[in-house]
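Okay, so here's the structure we're looking at.
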Amino acid sequence: MDISKPAARPTNPRFSSGPCAKYPSFNLQQLDSAPLGRSHRAAVGKDKLKAAIEETRELLGVPAEYHIGIVPASDTGAVEMAMWSLLGARPVTMVAWESFGAGWVTDVVKQLKLDATVKTADYGEIVDMAALDYDTDVVFTWNGTTAGVRMPSGEAIPARRAGLTICDATSAAFAQDLPWDKLDVTTFSWQKVLGGEAAHGILILSPRAVERLETYTPPWPMPKIFRLTKGGKLIDGIFRGETINTPSMLAVEDYLYALDWARSVGGLKGLIARADANAQAVFDFCAANDWIENLAVDPATRSNTSVCLKFTDARITDGAAFAKAVAKRLEAENVAYDIGAYRDAPAGLRIWCGGTVETADIKALLPWLAWAFEAEINA
């Protein structure tokens, strides 16, 4: 077959699934307004942090009665904070269908040593969420970043439930509709869908989650960095921008500009539409080529952000080596960076399709993907 190189290249070859591509109009000079060298507890710092919280609420449509806090250690820190602070009061159901969900299972079972019910599914599939007992506390990912499988909706979660739902939404927030009435704890990092800088997490608590915090004390020692209550009451300051530890005001400034950009493209609906268009371009490419397909088995659960692909050609004898070689060819041509599958996931590729990526760049990448495949088969 013809393996000549395509004529056009993506303008931005950054398709990493985290940290993700910056928004298209990003410019370092924008960050000159960051209050560097100032205390985050000074008025200017507090105002910036409070603005980040309020603008997050507005863009995502988070109910007024929910608390939003900026916490340390990215999405991982936010999830761990929630699990260590809230679990243990009721039986627990842990749900996993990819690497990060499996990590939360390990932490709850082996570190917190809770006798949890564990529900898992293979990569490419999803747990039957309607079959879970929501009178237990349920911990799950909304969008499995390393499997490209997402919750199709929140319909499986009952409105009336005795337990809490704790949702890792780090690759879903700003790209997928999150049903806030079905989520008691929601976490994400702004370094995903909005392409912000890493190390900061967002923790969103429903009134039911706050009630649990104020009426239950876990039996294990609580590190300072996880403490959300004092004297049996929620530490409200965390949810007004008075962070537990020192945040990067440069990263906060970057996030504020990303939120500005998000509003300029139509807010949440605009971001979802951009991600949908990006992912659909990849789906169409897979439908037109019989040597590659989506890792997600059910089209209804295909992610529109972390699109995971697998090679299906019978001539490939070592899937991992082949996928690595294809990704290496694309990087060497400055066409696509960091699109190899996650280290624990099945061999293949992972293309980030969140809203900060331009559809034109996705479409420019795909002929190169065909070129790299043919070149590697010939090799």
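The values are calculated or read from the model by the stated rules, or taken from the named source; none is laboratory data. Because the structure is predicted, anything quoted here is derived from the model rather than measured. Note that each Cβ is placed from the backbone with ideal geometry, even for glycine, and that neighbours are counted across all protein chains shown. Side chains included, ligands, DNA and RNA excluded: accessible areas come from the protein's heavy atoms. Shrake-Rupley method; radii C 1.70, N 1.55, O 1.52, S 1.80 Å.
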Exercise for the section: Kindly rank 130-136, 11-17 from highest to lowest mean number of other beta carbons found within 10 Å of each residue. Expected result: 11-17, 130-136
Handout entry: Per residue value of the accessible surface for region 110-251 (all protein chains in place, 1.4 Å probe), Å²
Key = 41
Completion exercise
Quick numbers on region 54-127, Rg and Dmax over C-alpha atoms in Å, give 14.7, 39
Handout entry: Options 40, 28, 61, ranked by Cα towards positive dipole end of the chain, top entry (Cβ charges)
Key = 40
Practice task
Work out, in µm²/s and without decimals, the Stokes-Einstein translational diffusion coefficient of the chain at 25 °C, 0.890 mPa s, Rh from Kirkwood over C-alpha pairs.
Solution key: 114
Practice task
For residue 224, list the aspartates and glutamates whose Cα falls under 13 Å from its own Cα; do not include residues on the same chain fewer than 8 positions away.
Solution key: 80
Problem - Estimated D of region 192-347 in µm² per second, where Rh is the Kirkwood radius over Cα pairs and Stokes-Einstein applies at 37 °C, 0.692 mPa s - result: 164
Handout entry: Spread of Cα-to-Cα distances over 5 Å intervals beginning at zero, given as percent, for region 263-379
Key = 2, 12, 22, 25, 20, 11, 5, 2, 1, 0
Practice task
Starting from region 75-175, pick out the trypsin sites (Lys or Arg not before Pro) whose DSSP state is loop and whose Cβ has at most 14 other Cβ atoms within 10 Å.
Solution key: 113, 160
Completion exercise
Kirkwood Rh over alpha-carbon pairs of region 333-379 plugged into Stokes-Einstein at 20 °C, 1.002 mPa s gives a D in µm²/s of 179
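Of the heavy-atom accessible surface of region 189-302 (probe 1.4 angstrom), what whole percent is carbon and sulfur?
54
Arrange the peptides 265-272, 297-304 so that the one whose residues have, on average, the most other Cβ atoms within 10 Å appears first.
297-304, 265-272
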Exercise for the section: Starting from 0 in steps of 10 Å, tell me what percent of the Cα-Cα pairs of region 98-195 lands in each bin. Expected result: 15, 50, 32, 3
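Distance check, please: which entries in 5/310; 182/363; 119/182 exceed 25 angstrom between their Cα atoms?
182/363
Restricting things to Cα coordinates, could you compute the convex hull volume per residue of region 167-244 in Å³? Write down the numbers at each step before the final one.
Numbers: hull volume 8.7 nm³, N = 78.
Spread over its residues, the Cα hull of region 167-244 gives 112 Å³ apiece.
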Practice task
Would you mind checking the pairs 192/269; 192/324; 22/192 and listing those with alpha carbons more than 20 angstrom apart?
Solution key: 192/324
Exercise for the section: Just the number, please: percent antiparallel of the DSSP beta bridges in region 157-253, rounded to the nearest 5. Expected result: 70
